[in-house]
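Contents: one structure, followed by commentary.
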Amino acid sequence: MGGRQAPGPGCWVGIDLGTTFSAVARADEFGRATVLPNRDGERTTPSVVFFDGEQPLVGTMARRSVATSPLDAVRFVKRAMGDPSWRFETSRGTGYGPEEISALILKRLKEDAERALAREVTDAVITVPAYFDDAARRATIAAGTIAGLIVRRVVNEPTAAALAAGPTGDWAGSLVVYDLGGGTFDVTALRVGPGAVHVLATAGDRNLGGFDFDNALMHLLDERFRAAGGPSLLADDTTEVDLRERAELVKHTLTSVDQAVAHLTADGFTRSVTVTRDDFEHLTSALLSRTRDTTEQVVEEAGLTWPAVDRLVLAGGSTRMPMVRRMLTEISGRAPDTTANPDEVVALGAARMAHLLEQAERPPESAPRGRSSRLRSMARFGLRQRERSEKSEDSEEPTAGSTSIRLAVHDVTSHGLGEIVFKRDTDILVNRVIIPRNTPIPAEETAVCYTRYEQQSDLDVSITEGDDTDPAHVRVLGKEVLSVGPYPKGAPFEVTLAYDANQIIFVRVRDLTTGELVGTFEIEHVLNPNAERVAASTERIRAIAPL
């Protein structure tokens with residue numbers, strides 16, 4: 001999924017598939033990106049799906065319907081991407097996985113873009129949180145495929161923001177992108193130069209965002225409402241939905257004034273509850289501190305100091321909170337750059353990336369296309385990491401005749417990649433990281449393992465994602481049992497792991513005794529939507545027209 005395919009006949013767009021709001025943008029022939037309005041005339045679309053029976057509504061109409069029937073609505077599905085246990089059932093018992101719900105949102109975005117452009121949209125770059133793991137990235141690619149899109153790339157949201165806010169003309173310098181969205185948080189440090197963007201370090205939390213600040217405020221409002229004699233607003237689905245709306249309104253109001261009033265009602269009991277900005281900031285100080293710690297960690301891991309950071313770019317609507325901007329000013333010694341719209345900057349960067357990829361795919365005399373993702377990815381084996389960082393197969397460079405700037409984008413891994421092995425001459429299992437976090441991608445590294453027993457005929461390869469040496473604190477992505485030997489104890493085997501440009505994982509095992517290749521495979525663990533499931537979902541969603 002997500003590999004190189006023949007270009008579609010229509011437009012290429014960039015899509016910010018957000019937790020709370022999504023947006024789609026298109027770059028013109030000069031690389032200038034514009035957010036496209038949806039059918040309601042809005043520049044962003046709520047990432048909400050409401051089922052009226054079996055008919056899905058998407059966007060503002062869906063959001064407005066949540067209060068009337070909260071059990072028929074899906075919100076914040078992005079947090080479930082890559083989770084095979086997550087299912088949503090309509091009132092009539094029809095089940096949807098997170099990729100299918102996301103596909104309905106993407107299909108609506110695709111249709112709205114086609115209305116705005118008066119052309120078919122076939123190809124897309126979709127953004128994901130930098131800290132999304134392999135399963136969530138694959139689920140995002142699957143969602144795009146199900147929606148009828150050719151997914152050219154999944155690009156990290158902070159990288160997209162940097163593409164939109166950073167590389168103009170001959171400007172060169174370092175950027176830190178602080179991306180606090182509705183449901184996820186990322187920080188990325190980048191170095192921008194004429195013709196290239198290099199990601200230096202990235203970190204984040206896929207379960208930290210404006211949603212969590214809203215939750216804290218909801219509990220405060222509920223506590224004060226109960227203290228005034230009312231019932232709990234969190235005990236009922238309908239009143240909880242209304243409470244969330246009130247909390248969001250209070251949060252937005254406190255962005256510009258020092259206090260806000262929430263009018264709350266339940267079981268005939270009504271009270272007006274006042275919340276000050278100080279109340280809210282004290283309540284959520286621990287959440288803000290988590291983002292501060294991550295930001296300082298990324299600057300350090302990037303080998304930068306704050307005086308060496310030229311621009312501090314904001315992405316995500318939650319960065320409008322005054323305490324966020326104040327905290328960033330305190331730790332960096334400079335005010336964040338507020339020239340870009342934080343709700344749109346990620347979509348604009350995705351559109352720029354789509355434009356660059358489209359130019360690369362449509363040269364004046366194009367070579368034959370259509371190699372599969374698997375063959376293309378396997379061809380990367382043998383490239384050394386330094387060669388890939390200097391000029392990778394997927395460098396986003398337009399052709400010489402392009403009217404746009406030439407630009408190569410070099411990202412990094414957001415998670416370590418390794419394997420579970422026995423500590424030599426012991427029975428202790430450890431996670432050995434082979435590709436560390438923040439390694440430039442595409443990436444390929446090798447390590448050697450050895451047989452443990454005399455006459456060993458099988459090799460158990462367990463590939464992991466995570467940076468801890470303790471196997472209990474990493475995720476096992478997939479396991480393969482390969483037939484070898486029989487070999488004596490201590491026979492060496494080389495394990496090669498690789499990330500492609502989408503941070504999809506590939507594995508190769510070579511017998512160092514004979515020099516022969518034992519096995520080459522793509523990780524297909526239980527969290528990944530397989531081809532059969534994607535094909536079935538594509539047929540199913542094709543017949544649905546989200547309103």
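Packing around the peptides 55-63, 95-103, 460-468, taken as the average count of other Cβ atoms within 10 Å per residue, puts them in this order, highest first: 95-103, 55-63, 460-468.
Test of understanding: express the Cα radius of gyration of segment 31-109 as a ratio to 2.2 N^0.38 Å, with N the residue count. That ratio works out to 1.15.
Residue by residue, segment 321-330 carries 3J(HN,Hα) couplings of 4, x, 5, 5, 5, 5, 4, 5, 5, 5 Hz when phi is fed to the Karplus relation 6.51 cos²θ - 1.76 cosθ + 1.60 (θ = phi - 60°); x denotes Gly or Pro.
This ranking places THR239, THR514 by how few other beta-carbon atoms lie within 10 Å of each, fewest first, which gives THR514, THR239.
Projecting the Cα atoms of THR464, ALA196, PRO492 onto the charge dipole of the chain (Cβ charges, centred on the Cα centre) puts ALA196 farthest toward the positive pole.
Segment ARG424..GLU539, full-extension length gain: 36.4 nm, with 0.36 nm per residue of separation and the alpha-carbon distance subtracted.
Remark: segment 91-97, residue by residue, has Karplus-estimated 3J(HN,Hα) of 5, 9, x, 7, x, 10, x Hz, where x stands for each Gly or Pro and the curve is 6.51 cos²θ - 1.76 cosθ + 1.60 at θ = phi - 60°.
Net charge of the neighbourhood of ASP425, taken over other residues with C-beta under 12 Å away and scored Lys/Arg +1, Asp/Glu -1, is +3.
In terms of the mean number of neighbouring beta-carbon atoms within 10 Å, the peptides 279-290, 71-82 order highest first as 71-82, 279-290. Note on segment 1-141: Cα Rg divided by 2.2 N^0.38 Å, N the number of residues, gives 1.07. Taking N as the residue count of the chain, its C-alpha radius of gyration divided by 2.2 N^0.38 Å amounts to 1.01. Compute the signed sum of charges (Lys and Arg +1, Asp and Glu -1) over the other residues within less than 13 Å, Cβ to Cβ, of VAL474. Its environment carries a net charge of -4. In a reduced charge model with +1 at each Lys and Arg Cβ and -1 at each Asp and Glu Cβ, segment 407-544 shows a dipole moment near 180 debye about its Cα centre. Distances between every pair of Cα atoms in segment 417-522, grouped in 5 Å steps from 0 to the bin holding the largest one, split as 3, 12, 23, 25, 20, 11, 5, 1, 0 percent. In terms of distances greater than 25 angstrom between alpha carbons, the cross-link table entries LYS107/LYS479; LYS78/LYS479; LYS110/LYS479; LYS423/LYS489 yield LYS107/LYS479; LYS78/LYS479; LYS110/LYS479. Three principal axis extents describe the C-alpha atoms of segment 106-210; from largest down they are 38, 35, 23 Å.
If you add up the charges near SER69, with Lys and Arg at +1 and Asp and Glu at -1, over every other residue whose beta carbon is less than 12 angstrom from its beta carbon, what do you get? In short, -2. With only Cα atoms counted, segment 210-283 has Rg and Dmax values of 11.3, 32 Å. Using θ = phi - 60° in the Karplus curve 6.51 cos²θ - 1.76 cosθ + 1.60, the 3J(HN,Hα) couplings for segment 12-21 round to 9, 9, x, 10, 9, 8, x, 5, 10, 9 Hz; x is entered for Gly and Pro. Rounded to the nearest 20, the size of the Cβ-charge dipole of segment 140-207 about its Cα centre is 200 debye, with Lys and Arg at +1 and Asp and Glu at -1.
Database remark: amide H of VAL197 closer than 5 angstrom to the amide H of ALA408, VAL409, HIS410 (H placed geometrically; neighbours at sequence offset of 5 or more, or on other chains; Pro and chain starts carry no H). For ASP52, list long-range residues whose amide hydrogen, built 1.01 Å from N in the peptide plane, is under 5 Å from its own amide hydrogen. Sorted by chain and number, the residues that satisfy this are LEU57. Enumerate the amide H contacts of VAL309 below 5 Å, restricted to partners 5 or more residues apart or on another chain; note that Pro and chain-start residues carry no placed amide H. So VAL309 has HN proximity to no qualifying residue. In terms of Cα atoms, the Rg and Dmax of segment 31-77 work out to 12.7, 43 Å. Under conditions of 4 °C and 1.567 mPa s, segment 255-336 yields 86 µm² s⁻¹ as its translational diffusion coefficient, taking Rh as the Kirkwood radius over Cα pairs in the Stokes-Einstein equation.
No lab work stands behind these numbers, since they all come straight from the coordinates. What you see is a predicted model, and the numbers here were worked out from it, not measured in a lab. Neighbour counts run over all protein chains shown; Cβ positions are idealised from the backbone, glycine included.
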